[in-house]
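The values are calculated or read from the model by the stated rules, or taken from the named source; none is laboratory data. This is a predicted model, so every value here is computed, not measured. Note: ideal-geometry Cβ built from the backbone for every residue, glycine included; neighbour counts use all protein chains shown. Heads up: the accessible areas ignore ligands, DNA and RNA and are worked out on the full protein's heavy atoms, side chains in. Shrake-Rupley method; radii C 1.70, N 1.55, O 1.52, S 1.80 Å.
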Amino acid sequence: QVQLVESGGGSVQAGGSLRLSCAASGDTYRRYCMGWFRQAPGKEREGVALIGGGSTHYTDSVKGRFTISQDNAKNTLYLQMDSLKPEDTAMYYCAAVRSGGACYWGPSMYNYWGQGTQVTVSS
């Protein structure tokens, strides 16, 4: 069992930056694929960035603007978001699934989720 808690969301103007954090607790001894997902009102949840097996992956809409990273010593996952756009507005969630290194874009593959943190980008 793993518990995930996001923080760092807020309201910013277009072009601004935010850094989201996801603190993990519980059984953190095993290897996981971890990811950031987002969901805007009326839209399906989508994968934003993944990290696992020594690799990172980004959805096309955030490439070059977002950076996913993790601090294993602190059991914390991060999402640095730069050059934010209004279309980035959504509830952002961190998620994890046990993995030997493979990662997945589909939200249904993840069995551990945080409560979400709201990101609002105004024009």
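A few remarks follow.
- Filtered by the rule that a residue be in contact (Cβ under 8 Å) with a residue 24 or more places away in the chain, among the β-branched types (Val, Ile, Thr) and either touching a Leu at 6+ places or on another chain (Cβ under 9 Å) or under 18 Å from MET91 (Cα atoms) (or both), the range 1-58 gives VAL5, VAL12, VAL48, ILE51.
- Qualifying positions in the range 70-100 - open to solvent by 30 Å² or more (accessible area, probe 1.4 Å) and in a loop (DSSP other than H, G, I, E, B): ASN75, ASP82, SER83, LYS85, THR89, GLY100
- Members of the range 29-53 that are acidic (Asp, Glu) and closer than 15 Å to GLY114 by Cβ: none
- Put simply, of THR120, THR56, THR67 the only residue that is of a type in the set (S, T, N, Q), closer than 16 Å to VAL12 by Cβ and either open to solvent by less than 70 Å² (accessible area, probe 1.4 Å) or in a strand (DSSP E or B) (or both) is THR120.
- Residues of the range 8-28 classified as small (Gly, Ala, Ser), closer than 15 Å to GLY114 by Cα and either assigned to a strand (DSSP E or B) or more than 17 Å from the chain's Cα centre (by Cα) (or both), total: 5
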